[in-house]
1. Which pairs turn up if I take residues in the stretch 262-281 that are crowded, with 18+ Cβ neighbours inside 10 Å and look for partners that are modelled with pLDDT under 90 and of a type in the set (F, W, Y) with beta carbon separation below 8 Å, at least 6 apart in sequence or on another chain?
2. Check off (1) in contact with a helix residue (DSSP H, G or I) (Cβ under 8 Å, 6 or more places away or on another chain); (2) at pLDDT 90 or above for A254 and give me the number that stays unchecked.
3. Quick check: is even one residue across the stretch 364-387 surrounded by 14 or more Cβ atoms within 10 Å (Cβ to Cβ) and part of a helix (DSSP H, G or I)?
4. Just to be sure I understand, how many residues within the stretch 432-487 are among the charged types (D, E, K, R), under 37 Å from the mean Cα position of the chain (by Cα) and crowded, with 16+ Cβ neighbours inside 10 Å?
5. For A116, state whether it is touching a Ser or Thr at 6+ places or on another chain (Cβ under 8 Å), over 22 Å from H266 (Cβ atoms) and in contact (Cβ under 8 Å) with a residue 40 or more places away in the chain.
6. Give, as residue ranges, the strands (runs of 3 or more DSSP E) completely inside the stretch 57-153 that count at least 3 residues that are farther than 26 Å from L283 by Cα and at pLDDT below 50.
7. Which condition number does T170 fail, the rest of (1) within 30 Å of the chain's Cα centre (by Cα); (2) of a type in the set (S, T, Y); (3) surrounded by 13 or more Cβ atoms within 10 Å (Cβ to Cβ) being met?
8. Over 27 Å from the mean Cα position of the chain (by Cα), buried (at least 20 other Cβ atoms within 10 Å of the Cβ) and not aliphatic (A, V, I, L, M): does that describe Y114?
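The values are calculated or read from the model by the stated rules, or taken from the named source; none is laboratory data. None of the values given here were measured: they were computed from a predicted structure. We place every Cβ from the backbone using ideal geometry, glycine too, and count neighbours over all the protein chains shown.
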Amino acid sequence: MSNQGPKGTSWRWRCALLGACCLVAPLAHAAHDDFEMHAYVNDACVIADEPYFVPQAADQHEAGAKILPLIGLVVGQLGELLVKHGIDAAASHLKAHAERRDTRYALAREMNLYRADLTPSPSVRINGQIGCLTIVAATLEPASTHCAADYVPKTLAPELAQRPQSEWRTTRTDDSVENQLRRADICVHGKARAVYEARFEFSDDGTAYRLKDAGYRIESLLTTRDKGATRTALYTLKISTPGATDEAEVLSSAWVELGTVSAGAHSSGSGGEAAPWLRVPPLSREARRVYEEKTKTHQEVTGEIEALRRAMTRNRRMQAGLDARIAEASGEVADGLKQERTRLAVQYQTQSAELDARTAEYQDLPRAPLQFMPVTIEVAVTETESEKKAQLLLADLVGRESDAVASAAGSAATGLVSRGLKSGDVITDSPAAPGDTLEHARARYFDALIEAQTSGAPVSEEAQRRLAQARSDYDTARRAAGLEPIK
C-alpha cells in the first residue's frame, strides 16, 4: 500500500502534522458542573472532516491494513489517523472579572504560532497545524485511556460508490459523536454534552485569518438542564503571549456566533463569509531572533545559492547579447567582443561549480522543520438568554482585543458589521513590512558577495564598493528587525 498522500506528502509526515493537537487543560466553572471544557487544535476537523472508508478487496489485503479511505489520505493502520498529544499544563486561574456565569472556559498552553520549513529553502509561515478548533464539553476518561482502536469508521455503502459524493451514506450503526471523537483518541466517559468545531481560514498573503463555523452537536445546554430552554450561543478564542502571571499580552481574539440553540441541536456548519477577518499576530522580535539564530547557516548557504542562480541568469543573457553583436561586428571590435564573451563563459563555469558545491552543502544540513513563537490559546463558550447580551459581549470583545480587519463593532441594535476581504485588502502598518525590507537587503548583499567571489582576481574597486554598501544596508535592516549584524 502506498504511503504517499496528496501532492506527494508522505503519510508519516502528514500523521505528525495531524498529531500536533493542542490539548487544553480543563477549567471547571463550578462545582456542580458534571463536565469539563476541552479544546483541540489540529490541521483538520475531527468531526466535520471525518472521511469515508471502504473495506479492502480480498486481493489488496496487507498485513495490518484494515481499511482505505476514499477521500484525501491513504493509511495503513486506523490508529494512525489522528494522534493526540497532551500538553502538561495545570489548571490555570482566570481573573475573577473574566469569569461569567453564562460562560465555560478552557485554556491551552504553549502552541507555536509559526513554523519554519527548511525544504527547499528556509521559510516561515503560519503553523500548518492550525486548521480547525474542536471544543468538547464532556467528562473524559483518565489520561492513560486510549480508545482509537474502538473507533467504528464511516464505511461507505458499496452500492453508492459510483454515485456523486453528495449521495454517499454509511453502513455503520454507531454514528454517535462519542464514536467520532475516538478517531482522535478523545475518550468520553458517558455522553458528551456538546461538541463545536470551527475552521481557521487564512488570507492568501497570510496576514489575516478568521474562524468559520464547521458545525456543532449539542446534546444538552451547558448552562441549564431544561430540555425546552433556548440560548444564544457563541464561542471565542483568545491568543495571548504565555506568561507566569495573568497579565499576558492579548495578541488576537476571534469568535463564532451560532445564534439560537437548544438541547438536541445539530448543525453541519454555516455557509457564507460573515465572519470578519482578523490580523494574524506578526512574528515577534524574539521569535524572529531565534529563527535567524537557528537557521543562520541555512540562510547563508541558500542566500548564496539564490544569488548564484540570479548571476548565472544574467550571465546567459549577456552572452546571448554578445553573440548577436559579434555576428554583426568585424575586425578589432569583433575580437574585443569575443574576449568579453570568453570571460563571461569562464565566469559562468565558475558560478556553476560554486552552485553545485553550495547545493551539496545545503543537502547535508539538518532539514527538520522548526517551530517558533509559543502562544496561549484560551477558549470560552457562552450561552446567554438574549441576543442583546451576546451582541454586547461581542462588541466589547472587538473593541478591546480583536484587531479586526475591515470590520466594526456596533451596538446591541446593529450588531457586528463586516465585509468579505480579498488578500489584497489586508492592510499593513507600513508600505513595506520589516520582513520584506530584510529580505530585499539580504538578496542585494548576497548578489554583491557572489559578484565579488566569481568575477576573478583582482576584485575591482567598484565590486568592493558595492559589496561594502550592500553589507552596510543589510546590517541596518537586521538591526531594525532586532537582529545582530552579520559577521
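1. W277/Y209; L278/Y209; V280/F202; V280/Y209
2. In the conditions (1) in contact with a helix residue (DSSP H, G or I) (Cβ under 8 Å, 6 or more places away or on another chain); (2) at pLDDT 90 or above, A254 misses (2) alone.
3. Within the stretch 364-387, one or more residues are surrounded by 14 or more Cβ atoms within 10 Å (Cβ to Cβ) and part of a helix (DSSP H, G or I).
4. 7
5. Working: touching a Ser or Thr at 6+ places or on another chain (Cβ under 8 Å): yes; over 22 Å from H266 (Cβ atoms): yes; in contact (Cβ under 8 Å) with a residue 40 or more places away in the chain: yes.
Spelling it out, A116 is indeed touching a Ser or Thr at 6+ places or on another chain (Cβ under 8 Å), over 22 Å from H266 (Cβ atoms) and in contact (Cβ under 8 Å) with a residue 40 or more places away in the chain.
6. On the way: elements: 67-69, 103-117, 123-126, 132-138.
Of the strands (runs of 3 or more DSSP E) lying wholly inside the stretch 57-153, those with at least 3 residues that are farther than 26 Å from L283 by Cα and at pLDDT below 50 span 67-69.
7. Of the numbered conditions (1) within 30 Å of the chain's Cα centre (by Cα); (2) of a type in the set (S, T, Y); (3) surrounded by 13 or more Cβ atoms within 10 Å (Cβ to Cβ), the odd one out for T170 is (1).
8. Criteria not met by Y114.
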